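Taking it in order: structure first as structure tokens, then the write-up.
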DNA sequence: AAAAGGAATGGTAGCGCTATCATGACAGCG
DNA sequence: CGCTGTCATGATAGCGCTACCATTCCTTTT
């Protein structure tokens, strides 16, 4: 009877957005049938389904995902937390994740910790509040509060980048082994005075792990393993500057093992500008396998890490888990490849 | 009386997560007061506030943002839609956005269209369903459905990357002018046989706009403006390969104006490998001002576009608008800078 | 023919939070 | 002393959707 809402005691609808009930009414079915037509199409008759879809089209209905998530306590959101977007490595992992997750209808909620574990905790708290269906985070290190919070969370957690025993799922590579690999290569090439150069190893602790591997190999041969730690972020510029610094501190240096390709390429290009011969005067090695390294002359010796692949695999495994399938392995090693160029 | 829920007719709580009501009970206040203590701290007495915060701490309460958003039809989510993550340009804009938005407590919902406007429409639909408080999208071109959908949406919309009359807010630069700028520089340097090389200009239509500017300048001088369009994405590799192609198609070429620095740097490095002198045999220019261009020899002539700055400014203007302040200008030109290196 | 099973649909009651209005307490005012 | 205004708090009623159970109608089984 009271069609018009003049008395409308407690009207609260702010936006005049179309609701599922209106769609249902237009389609001549109950709201719950309309809901099913959209979310479980196989559970309604074809006639109901088509009339609902028509009504959706006609009214321009946009499902309120917030309401849906609250009612079902599920969502198609996946939280992705990385320490930095400046470092292209993480971006490439995100790329791989994004590609795979979006294809399955998931949306990415992106967070950046700036290498701050407390910040990470705050982000995790916020993201859990969105009842994400999973969380992907870069690295195995978290602060205590974060650890407890996540332990009590009953959704999949995927830790990427480095290999190890995580909280739940893990896709990554063994950075210590990568460091050993490159150090071994340098020694095999006959170099004995080898410096490792990294940038902010306390933040980029994976580069620190590579140094650990590097050091072990050298020490096993009775060789010193000097470390030069830069206080800037890794970049071509920083690499160029570090070259000078290394040669001043350790004039006998024959080879430099850089923590990443940006540094290494920066140093290589700087060496050329200074008329130094690579690898004759100084050998240079990097890590990551960025395209840039293949385009400089001589080509950069580096370790190729499958970053996008890591993202894709992580996403795939996560989806597997989310769709209720059995997970046989929680740890996945994506490996790495030594790429020998002319720079060593 | 009935404290235990044995008969529990229609219990539906799936997760045993702490709710605000439990916090309120522990703090000895009503749920609404607890809500206020957390969201409008100045609207409750200090005693209430502290006891609520204590209870939150003690119980490890994590606010359910989904429920909050539904009730208030507001959220701290901001949708960000870009055409690609492979192109670092967009990533840098995201970086700028992210930095500024996260500092203000906003979360980013990230979408990638893969240069497909229909995909963009789908993403927009989905994101509107999350009742985002704003939407940021790269570019001014959208399909019709998307346009209508967004016109009826009553939240701020920010279109970035290129300058022009958008739907709402806009931060970007004039790509036609940038193309003109570089073409003028090349002509001033005395080059007359100039080829423009771009990759998939129908997708990267902003590179196409730069070509338009380039062409106009050349034609005004009565010079031909040949275009070589590559079918791959812009990359060092593609740039290296295109060099050959250009020299075969247009043997007289004196200068190549590349659509971006990746292509240009790839070509420059390839030229060096082939023993060609840059700029003596062939001059090379790019666009973007990537760090790489400053580290090759000779330095790459390019146009510096303030990408992170664009993201930061866009985020700032958006926040301004979201906090209800007056917006005086809807369009913001971030400009560009010609960087002359030794390559032209 | 009666019982049992299945498919399509709907009614009801929340999900956890906040907007709205109502209340009571107390200060300031003429 | 009543009147108005401000402040802190609370009761109530949703936000738009879906889980859960119930109902109906039809097909299959013994």
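Each reported figure results from applying straightforward, stated rules to the coordinates on display, with no laboratory input. Here the structure is a predicted model, which means the values were calculated and not measured. Because the Cβ atoms are built from the backbone with ideal geometry, glycine has one as well, and the counts that use them run over all protein chains shown.
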>> Looking at the range A:1-152, I'd like the Rg to Rh ratio, where Rg is from alpha-carbon atoms and Rh is Kirkwood's inverse mean 1/r.
In response: 1.12
> Roughly what angle does helix B:261-273 make with the longest principal axis of chain B, taking Cα atoms, 0 to 90 degrees, to the nearest 10?
Replying inline: 40 degrees
> Taking 1 over the mean of 1/r across every pair of different Cα atoms in the protein assembly as shown, what Kirkwood radius in Å do you get?
Replying inline: 28.0 Å
>> I'd like the distance between the alpha-carbon centres of the range B:181-238 and the range A:272-344, rounded to an integer number of Å.
In response: 34 Å
> Ranked highest first by the average count of other Cβ atoms within 10 Å around their residues, in what order do A:123-136, A:323-336, B:42-55 fall?
Replying inline: A:123-136, B:42-55, A:323-336
>> Suppose you put the label 7 Å out from Cα in the Cβ direction; list, shortest first and in nm with one decimal, how far residue A:280 is from each other copy's label.
In response: 2.0
> Once the Cα gyration tensor of chain B is diagonalised, what are the square roots of 5 times its eigenvalues, in whole Å and ordered largest first, as equivalent ellipsoid semi-axes?
Replying inline: 54, 19, 18
> What order do you get for A:309-320, A:215-226 when each peptide is scored by the mean count of other beta carbon atoms within 10 Å, highest first?
Replying inline: A:309-320, A:215-226
>> Compute the angle between helix A:88-103 and the longest alpha-carbon principal axis of chain A, please, reported from 0 to 90 degrees and rounded to the nearest 10.
In response: 30 degrees
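If the viscosity is 1.002 mPa s and the temperature 20 °C, what translational diffusion coefficient in µm²/s does Stokes-Einstein give for the range A:146-228 when Rh comes from Kirkwood over Cα pairs?
D = 149 µm²/s.
Counting only other chains, what is the mean number of Cβ atoms within 10 angstrom of the Cβ of each residue in peptide A:99-110?
Averaged over the peptide's residues, the number is 4.
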>> Using only Cα atoms and rounding to the nearest 10 degrees, what angle (0 to 90) does helix A:46-59 make with the longest principal axis of chain A?
In response: 80 degrees
>> Distances in nm, one decimal, shortest first, from residue B:219 to the same residue in every other copy, taking the label point 7 angstrom along Cα→Cβ.
In response: 7.0
>> Give me the inter-chain shielding for A:59-68: mean count of other chain Cβ atoms within 10 Å, whole number please.
In response: 6
> Roughly how large, in nm² to one decimal, is the mean projection of the convex hull of the alpha-carbon atoms in the range B:175-304?
Replying inline: 6.7 nm²
> Under the definition of partner shielding as Cβ atoms of other protein chains within 10 Å of a residue Cβ, what is the mean value for peptide A:266-279?
Replying inline: 1
> How far, in nm, would the chain grow between residue B:337 and residue B:216 when pulled straight, counting 0.36 nm per residue and subtracting the alpha carbon separation?
Replying inline: 41.6 nm
> Put the label 7 Å from Cα along Cα→Cβ for residue A:188; what are its distances to the other copies, in nanometres, shortest first?
Replying inline: 5.3
